[in-house]
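What follows is a single structure, written as structure tokens, with notes after it.
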Amino acid sequence: TLLNELVPKTIRRGVVKNITDFGAFVDLNGMDGLLHITDMSWKRISHPKEVVQVGQELEVMILDVDKERQRVSLGLKQKDGNPWDTVDVKYPKGSHVKGRVVNVMPYGAFVELEEGVDGLIHISDLSWNKKIKHPAEFTKVGESIDVVVLEVDTENRRLSLGHKQLEENPWDVYETIFTIGSVHEGTITGMNYK
């Protein structure tokens, strides 16, 4: 039977037969296998229809074969390998890269560097001198942004990114220009009456 021919870690061709909220059923020439939503893409997706369509032909990897229950688990993302396996080589700490903003939260902005690899710019790492109450004041979803890789944690799949680090820290410059006893001209920008 076909079930006995299916071997884990091998690639098979199939056709998407049905799509549900949790995945897609793929016909492997007479036997259905489940392609779970978490095995479709290394990037976050909210519904299988973002990746596959009914009637679409696919090459899938056999992940598991349960002969007793006659169930086959399939993977699509596993064919290409895990992008996090090489993140520390591609994006070492201190490297300057360009990414795309994929989500903005009150605490920061998530930036995708490549499919399946994104990192967080914490709100405190957006700007040296602008008072930002919400990252949406600084950037928006879909926008291209330059970042510096601050930390790489491949085990937990986390990247800490910074934007302000692309520029010199103004406080470092400030200390060299405005030394004790030096005289400078300036413009009054506000007054505080108490």
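The values are calculated or read from the model by the stated rules, or taken from the named source; none is laboratory data. Being a predicted model, the structure only gives us computed values, none of them experimental. Here the Cβ is made from the backbone with ideal geometry for all residues, glycine too, and neighbour counts use every protein chain on show. Side chains included, ligands, DNA and RNA excluded: accessible areas come from the protein's heavy atoms. Shrake-Rupley method; radii C 1.70, N 1.55, O 1.52, S 1.80 Å.
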Count of residues meeting criterion [among the aliphatic types (A, V, I, L, M) and open to solvent by less than 30 Å² (accessible area, probe 1.4 Å)] in the stretch 122-148: 4
Checking residue 151 against (1) touching a residue at least 40 places away in the same chain (Cβ under 8 Å); (2) open to solvent by less than 80 Å² (accessible area, probe 1.4 Å), the condition it does not meet: (2)
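It is to be established whether one or more residues within the stretch 152-163 are among the polar types (S, T, N, Q) and over 13 Å from the mean Cα position of the chain (by Cα). Spell out the reasoning first.
Looking only at the stretch 152-163, we keep the residues that are among the polar types (S, T, N, Q), and these are 154, 156, 160.
Keeping just the survivors that are over 13 Å from the mean Cα position of the chain (by Cα) gives none.
Looking through the stretch 152-163, none of the residues is among the polar types (S, T, N, Q) and over 13 Å from the mean Cα position of the chain (by Cα).
Open to solvent by 90 Å² or more (accessible area, probe 1.4 Å), part of a strand (DSSP E or B) and either at pLDDT below 90 or within 30 Å of residue 90 (Cβ to Cβ) (or both), is that true of residue 175? Before the answer, list the steps.
On the way: open to solvent by 90 Å² or more (accessible area, probe 1.4 Å): yes; part of a strand (DSSP E or B): no; either at pLDDT below 90 or within 30 Å of residue 90 (Cβ to Cβ) (or both): yes.
No; evaluated as a whole, the condition is false for this residue.
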Some residue of the stretch 27-39 being out of contact with any Asp or Glu (no Cβ under 9 Å at 6 or more places or on another chain), acidic (Asp, Glu) and within 19 Å of residue 82 (Cβ to Cβ): yes
Condition met for residue 119 (open to solvent by less than 70 Å² (accessible area, probe 1.4 Å), touching a residue at least 40 places away in the same chain (Cβ under 8 Å) and in a loop (DSSP other than H, G, I, E, B)): no
Complete set of residues in the stretch 154-172 that are open to solvent by 100 Å² or more (accessible area, probe 1.4 Å) and either among the small types (Gly, Ala, Ser) or closer than 19 Å to residue 103 by Cα (or both): 157, 158
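Looking only at the stretch 77-121, which residues are hydrophobic (A, V, I, L, M, F, W, C) and either in contact with a Ser or Thr (Cβ under 7 Å, 6 or more places away or on another chain) or under 14 Å from residue 163 (Cβ atoms) (or both)? Break it down into steps so the answer makes sense when it comes.
First, the residues of the stretch 77-121 that are hydrophobic (A, V, I, L, M, F, W, C): 84, 87, 89, 97, 101-102, 104-105, 109-111, 113, 117, 120-121.
84, 87, 97, 101, 104, 109, 110, 111, 113, 120, 121 - these are the residues of the stretch 77-121 that are hydrophobic (A, V, I, L, M, F, W, C) and either in contact with a Ser or Thr (Cβ under 7 Å, 6 or more places away or on another chain) or under 14 Å from residue 163 (Cβ atoms) (or both).
Being within 30 Å of residue 24 (Cα to Cα), open to solvent by 50 Å² or more (accessible area, probe 1.4 Å) and free of Cβ contacts under 8 Å to residues at least 24 places away in the same chain: is that true of residue 189 here?
For residue 189, the condition - within 30 Å of residue 24 (Cα to Cα), open to solvent by 50 Å² or more (accessible area, probe 1.4 Å) and free of Cβ contacts under 8 Å to residues at least 24 places away in the same chain - is not met.
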